[in-house]
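This report refers to the structure that appears directly beneath it.
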Amino acid sequence: MKLKNYYIIDFDSTFTQVEALDELARISLEKYADKEEIYKKIEDYTNLAMEGKLSFSESLTKRVQLLEATDEHLKQLIKRLKKKVSSSFSRNAAFFKKHADEVLIVSGGFKEFITPVVSRFHIKKENIYANTFVTDENGKIIDYDHNNPLSKEGGKVILMKEMNLKGNLYGIGDGYSDFQLRESGLIKKFFAFTENIARDSIVSKADHVTPSFDEFLYVNNLPRAISYPKNRILCLAIGDVPTETIAMLKKDGFSIRHKQEFEEKYVADAGMVILANGEKIEPKKLIRANKLKTIGYLGNAKNKFDLQICTQKGIVVFDDQKNNPRNANFITKRVIDFMNKGTTHLSVNFPNLQLPAITKSHRLIHIHKNMPGIMAKINTIFAKHNINIVGQFLMTNPAVGYAITDIDAAYDKQLLKSLKKIEHTIKFRVLY
């Protein structure tokens, strides 16, 4: 009999981008003259516990005592947290709906603010395990339930032992209490979640580091919103690239390396390149950059690298021929839109195509030499595999054809293999 899988997910800095008690402090202490000093104390107690340097129970007690929070403050916090759900969790809402019976939120936080946030993702209330506040007759938070196992040191271990779940348990979190589940042997694997914060003391102990929930779903072969995690796509920023450009790429989830030149060791693996104005790429490196999908040039790319090679290899190039001062954002956005949606609008070497994002479907990109009959071959393969086409777009220039097809979510892997084998194919990928 196949064992059931359970996904044990932390809340603070995992399901959400922030530590909820820290946010509650900022709300409740807003009018206090010494608020910054108190904020700092609360954040310090949070980090010490997450790094395993202070017992969780001691940290929790000290933080709650400093809050000065009420029911009204909790309402404000919930509104804020709903806007702070981690991006990769938000885009994979369908996973939670499909696996509602297997997903458990296990947190040292509090049900009063966790339940309203995660319930929107079809996570069952009975699968939410967290602490609870104690309030006085005026609605002021004065304490918490000390009998709850999650209020104690090693609380997650205590709780999971009591639950005695039978199956394969996977833990996802950012802190020491999450690692303790792995240390105790209660879970099969611990995934250190680093989309919001990476704690070196936790990352070093993890079975796998997952910079996004997409990565977790990918390595476990689970249904996901995008086919390939963006954290696995290497983006090289070369030369004097503005910090705001790098920040945009990091925020979107790409793996960034900022270098002064296109180093040989990255040629084979780079999926994206951002070049500062004045930088060049040698033809021999372009020819061997087989994973490279797009180049964003922060200036005029003329004579800086061979556009013909880029076109022949299916590398979409964006540049700013007028050297606009805003190109740090403008060109970067073009590159991100291409990676996320397949949009080639304002490319200097590809047919220009603006595309909407499509939900509940997969987008397939097929770049090929501009030869007669390619689209007929593509659609013959779709028909052979009984694929329902939601939308299809084709643009060409004298050198290449750029075909985008949105299909229903269900398809077999042989479909992809067949599309890649079409004669004159230059590049093919599943976008999401």
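Derivation of every value follows stated rules applied to the coordinates shown; laboratory data play no part. Bear in mind that the values here come from a model prediction, so they are computed numbers and not experimental data. Because the Cβ atoms are built from the backbone with ideal geometry, glycine has one as well, and the counts that use them run over all protein chains shown.
Only Cα pairs under 8 Å and at least 6 apart count here; give the relative contact order of the range 361-430 as a rounded whole percent.
Details: 115 pairs, mean separation 35.0, N = 70.
Taking the mean separation of contacting Cα pairs over the length of the range 361-430, I get 50 percent.
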For the range 156-229 and the range 276-326, what is the centre-to-centre distance using only Cα atoms, to the nearest Å? 39 Å
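Need one word for the range 222-348: rounded, prolate or oblate. Basis is the Cα gyration tensor (sqrt eigenvalues a ≥ b ≥ c); a/c below 1.5 gives rounded, then a/b vs b/c decides. Write down the numbers at each step before the final one.
Working: a/c = 1.39, a/b = 1.19, b/c = 1.17.
Rounded, because the longest to shortest axis ratio a/c is under 1.5.
Among HIS385, HIS146, HIS368, which comes first, then next, by fewest other beta-carbon atoms within 10 Å? Don't skip to the end; give the middle numbers.
Values: HIS385 15, HIS146 12, HIS368 22.
Sorted ascending by nearby Cβ count, the order is HIS146, HIS385, HIS368.
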Rounded to whole angstrom, the alpha-carbon centroid of the range 10-38 lies from that of the range 342-356 at a distance of 43 Å
About its Cα centre, the chain carries a charge dipole, from +1 on Lys and Arg Cβ atoms and -1 on Asp and Glu Cβ atoms, whose size in debye to the nearest 20 is 2260 debye
Across LYS259/LYS284; LYS4/LYS188; LYS265/LYS304; LYS98/LYS420; LYS251/LYS413, pairs whose alpha-carbon gap is larger than 23 Å: LYS98/LYS420; LYS251/LYS413
Among MET339, ALA328, HIS258, flag the residue with its Cα farthest along the positive direction of the charge dipole of the range 231-341, charges on Cβ as +1 for Lys/Arg and -1 for Asp/Glu. MET339
Answer with one residue from PHE382, GLN65, GLY171: the one whose Cα lies farthest towards the positive end of the charge dipole of the chain, charges on Cβ with Lys, Arg +1 and Asp, Glu -1. PHE382
Calculate, in nm to one decimal, what HIS258 and LEU346 gain on full extension: separation in residues at 0.36 nm each, minus their alpha carbon distance. 29.2 nm
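Counting each DSSP H run of 4 or more residues in the chain as -39500 (n - 2.57), what helix-only mean residue ellipticity at 222 nm follows after dividing by all residues, to the nearest 500 deg cm²/dmol?
On the way: 17 runs with 150 residues, N = 432.
So the helix-based figure for the chain works out to -9500 deg cm²/dmol.
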Separation of the ASN300 and LYS98 label points, Cα + 7 Å toward Cβ, nm: 5.0 nm
Rounded to the nearest 0.05, what FRET efficiency is calculated for ASP207 and ASN388 with R0 set to 30 Å and r the Cβ-Cβ distance? 0.20
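If you take the square roots of the eigenvalues of the alpha-carbon gyration tensor of the range 237-307 and sort them as a ≥ b ≥ c, do you get rounded (a/c under 1.5), prolate (a/b over b/c) or oblate?
Working: a/c = 1.81, a/b = 1.23, b/c = 1.47.
Since a/c reaches 1.5 but b/c is at least a/b, the shape of the range 237-307 is classed as oblate.
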Computed lengthening from HIS122 to LYS417, 0.36 nm per intervening residue step minus Cα-Cα distance: 102.7 nm
Amide H of ILE274 versus every other amide H placed in the peptide plane: which residues, excluding those fewer than 5 positions away on the same chain, fall under 5 Å? LEU236, ALA237, ILE238, GLY296
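What percent antiparallel are the DSSP beta bridges of the chain, to the nearest 5? Walk me through the numbers on the way to the answer.
Details: 26 of 63 bridges.
The antiparallel proportion sits near 40 percent.
Would you please classify the overall shape of the range 335-432 from the alpha carbon gyration tensor, given that a ≥ b ≥ c denote the square roots of the eigenvalues, rounded means a/c under 1.5, and beyond that prolate means a/b larger than b/c while oblate covers the rest? Could the numbers behind the result be given before it?
On the way: a/c = 1.94, a/b = 1.17, b/c = 1.66.
Taking the square roots of the gyration eigenvalues as a ≥ b ≥ c, the range 335-432 is oblate.
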Would you kindly work out the equivalent ellipsoid of the chain from its C-alpha gyration tensor and give its semi-axes, the square roots of five times the eigenvalues, largest first in whole Å? 45, 26, 19
Relative to the chain, whose Cα atoms define the longest principal axis, helix 56-67 and its Cα axis are tilted in degrees, nearest 10, by 90 degrees
Gaussian network model of the chain, Cα springs within a sub-10 Å range: biggest mean-square fluctuation belongs to which of THR294, THR132, THR359? THR359
Relative contact order for the chain, counting Cα pairs under 8 Å that sit 6 or more residues apart, in percent: 11 percent
Whole-Hz Karplus ³J(HN,Hα) for the range 159-166, in order, using 6.51 cos²θ - 1.76 cosθ + 1.60 and θ = phi - 60°, x for Gly and Pro? 4, 5, 5, 5, 5, 6, 5, 9
